[in-house]
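What follows draws every value from the coordinates through simple rules; no lab data is involved. The structure presented is a predicted model; accordingly, all values stated were derived computationally and were not measured. Counting neighbours? That spans all protein chains shown, and the Cβs are built from the backbone with ideal geometry, glycine included.
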Amino acid sequence: MSIKKLPLHWRIMAGMAAGIAAGIALTYVPWGNDFTYNWIKPWGDIFIRMLKMIAIPLILASLVKGISDMKDIVKFKTIGLRTLGWYMLTTLTAIIIGLTLANLIRPGSKISPETVRKLEQNLGSSQAVSRKIETALTQKEQPALQFLVDMVPDNVFKAMSDNRLMLQVIFFAVFLGITMILIPPHKVRTVKSFFDGFNEIILKMVDLIMLFAPWAVFALMTALIVSTGADWGLMKGLLWYALTVVAGLLLMIGFYMLLIKFVAKKDPWWFLKQISPAQLLAFSTSSSAATLPVTMERVEEHVGVDKEVAGFVLPVGATVNMDGTSLYQAVAAVFILEILWPEGLTLTNQLKIVLTALFASIGAAAVPGAGMVMLVIVLDAVGFPPDKLAAGLALIFAIDRPLDMLRTVVNVTGDATVSTLVAKTTGKLHRPKPKEWDDYLDRK
């Protein structure tokens, strides 16, 4: 079998493995870092930019098409409420799993004082840590309902120019779709035809971009290994913390698969195979937003979720559903409290962690590193001493990037799972009809 005939997920995994091998090899040559930065990393950056380039158009087209296809406002209400319910359930489950494992394994007790001092010395005063704290404290000082204010754009074209304002685009698209339902069909036929065609064009662009995915993943993994090679020694001291997070993420995947088997009535292994390209890209990019176009393509065409469900559930999930990140926050908060403020590790504070992590996940940026900002908000909610905040983040900062990659996989898997569950419970789960990038290439 030629490489071109291999399924996409195998080609991506091959690119990932080759990237890891190349990254390790390049760390041992003096010119490896410069070569990677100048000649390899840019190809990964181009790929991520291309995915981000179509993320906003895809959200706008899919949401407007999906909602306007319903032709009934009651259907939208049903899908919306079930989406919210499933997302709240999965996020709460993730937080509880994280807290339970952190209390059972107690990773903080495995960290020696020498390791703590070393990490504080190397990272406690870093600019990156300071920026996370500053961003989080700025969010904390805002009014309680500021997240609702931030959802409404004052300039929709400005919102479409910035991926960080994805919630505003979702608000406008939902508003536009609902308005189209309330207008007689013959008056909006032209607008609806435009968005139907626009949606097909964007999905075809996803197919074309994915042809480059294996090579892009190679570039991304090579750059990651080369850039973090100097920190492997520090990461060894955080092995128990990392294992606790990974164990929780695996349990969360298992929970999703139970839902797929008993609620969606689908084979879990089949489901994982269908969404595996999106999972692998989530791992490589650490961004739910960048992975969104691929997630939508896999869920619609390869799982069989109706466009009107996937077009609403997945963009919303990429913004408000952060199961992997919420689980990580629970483990990280207990870990930091256990080491730096053990007297704060009370039942009351752990309940505060549950509630704060649940609501902090709503509107969290679907970009790399957003979990660290959310963690500051969680720690502040339990009264963690401000003078120890930088040291607390320093404890986990060295290993945050690889864990961020893993929890993004869980975030994306959760989005795909909930969209499948909503589709199943609303009669919108159909037989998959995959499309290929060259479907119309031989058209006369």
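Amide H to amide H distances under 5 Å link residue 263 with no residue, where only residues 5 or more positions off or on other chains count and H is placed in the peptide plane. Remark: the range 102-107, residue by residue, has Karplus-estimated 3J(HN,Hα) of 4, 6, 6, 7, 6, x Hz, where x stands for each Gly or Pro and the curve is 6.51 cos²θ - 1.76 cosθ + 1.60 at θ = phi - 60°. By the gyration tensor of its Cα atoms, with a ≥ b ≥ c the square roots of the eigenvalues, what is the shape of the range 21-425: rounded for a/c under 1.5, prolate for a/b over b/c, or oblate? Prolate shape, in that a/c is at least 1.5 and a/b is the bigger ratio.
If you take all other residues with their beta carbon under 13 Å from the beta carbon of residue 184, and give Lys and Arg +1 and Asp and Glu -1, the sum is +4.
Taking θ as phi - 60° and the Karplus parameters 6.51, -1.76 and 1.60, the scalar couplings of the range 167-179 work out to 4, 5, 5, 4, 4, 5, 5, 5, 4, 5, x, 5, 4 Hz in sequence order, x denoting glycine and proline. Couplings 3J(HN,Hα) of the range 386-394, computed from phi: x, 6, 9, 5, 4, 5, x, 5, 4 Hz, in residue order, whole Hz [Karplus 6.51 cos²θ - 1.76 cosθ + 1.60, θ = phi - 60°; x for Gly and Pro].
For the pair residue 227 and residue 92, a Förster radius of 41 Å applied to the C-beta separation gives a FRET efficiency near 0.70, rounded to the nearest 0.05. What FRET efficiency comes out for residue 39 versus residue 10 if R0 is 35 angstrom and r is the Cβ-Cβ distance? Round to the nearest 0.05. Calculated transfer efficiency: 0.85. Ordering 28-39, 166-177 by mean Cβ neighbour count within 10 Å, with the highest value first, yields 166-177, 28-39.
Taking a ≥ b ≥ c as the square roots of the eigenvalues of the alpha carbon gyration tensor, the range 1-61 is oblate, as a/c is not under 1.5 and a/b does not beat b/c.
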